[in-house]
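Below: one structure, written as structure tokens.
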Amino acid sequence: MQSANEQLIKPFEDRMKKSVDALENELETIRAGRANPRVLDRITVDYYGAQTPINQVGNITVPEARMLQIAPYDISTLKNIEKAILASDIGINPSNDGKIIRLVFPELTEERRKTLAKEVKKKGDDSKVALRNIRRDAIDLFKKQQKKSELTEDDLKSLETDVQKITDKYVEELDKRVEAKTKEILTV
């Protein structure tokens, strides 16, 4: 059985968890020198007039550490897949042999690694701002409820403390994920 405080805080905690998950998904699309099919997640292909995610128009495999292969289910989409990759921001030129597309990931330069690490840190900072905004929303709601006499002064203090603990927990989780991704990027 959840306490009244836990029920009041739960929607805000869920939003914080979603923020952390969103950051994790964003970090997975940043390439760190190794081939990761997730870098293609944001790319859509014109498939018979509909924008379709690339992983739904072909089979994506990782035959080598720094190579992705895309084997389209329908060979006629090969050119569209190639165009979509060229138009994307992943910065890799596809190699098309008429049956499959290969993406060879170059070794990242020291400068590029540092740039990517800064990008990861910025995304982490943006997510922390989102967590703080959720905390602020929660506390504002609790203060309004206290003004309407729906909460006592003690309940308000208790809720503020609980929301702060949850915020701290998720900020720590964000920091761990940013640190892990930064380490992955900077490892040669």
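The values are calculated or read from the model by the stated rules, or taken from the named source; none is laboratory data. The shown structure was predicted, so the numbers you read here are calculated from the model rather than taken from an experiment. Quick reminder, even Gly has a Cβ in these numbers, built from the backbone with ideal geometry, and neighbours come from all protein chains shown. Note: areas computed on protein heavy atoms with side chains; ligands, DNA, RNA excluded. Shrake-Rupley method; radii C 1.70, N 1.55, O 1.52, S 1.80 Å.
Considering each residue of the stretch 87-103, count those that are open to solvent by 80 Å² or more (accessible area, probe 1.4 Å), more than 19 Å from the chain's Cα centre (by Cα) and under 30 Å from V20 (Cα atoms), and give that number. So the answer is 1.
Anything in the stretch 120-169 that is acidic (D, E) and either open to solvent by less than 70 Å² (accessible area, probe 1.4 Å) or more than 30 Å from I90 (Cα to Cα) (or both)? List them, or say none. Let's see the steps before the verdict.
Step one: list which residues in the stretch 120-169 are acidic (D, E), which gives 125-126, 137, 140, 150, 153-155, 160, 162, 168.
Within the stretch 120-169, D125, D137, D140, E150, E153, D154, D155, E160, D162, D168 meet the criteria.
Out of all the residues in the stretch 59-82, is one or more over 15 Å from the mean Cα position of the chain (by Cα) and on the phi > 0 side of the Ramachandran plot? Checked the stretch 59-82: no residue is over 15 Å from the mean Cα position of the chain (by Cα) and on the phi > 0 side of the Ramachandran plot.
Yes or no: E107 closer than 30 Å to L174 by Cα, open to solvent by 70 Å² or more (accessible area, probe 1.4 Å), in contact with a Gly (Cβ under 7 Å, 6 or more places away or on another chain) and modelled with pLDDT under 90?
Details: closer than 30 Å to L174 by Cα: yes; open to solvent by 70 Å² or more (accessible area, probe 1.4 Å): yes; in contact with a Gly (Cβ under 7 Å, 6 or more places away or on another chain): yes; modelled with pLDDT under 90: yes.
Here the answer is yes, as E107 does meet what is asked.
Of D41, D21, which residue is touching an Asp or Glu at 6+ places or on another chain (Cβ under 8 Å), closer than 23 Å to K123 by Cα and not aliphatic (A, V, I, L, M)? Only one candidate passes the filter, namely D41. With respect to (1) touching a residue at least 24 places away in the same chain (Cβ under 8 Å); (2) assigned to a helix (DSSP H, G or I); (3) more than 18 Å from K18 (Cα to Cα), the lone exception for K143 is condition (1).
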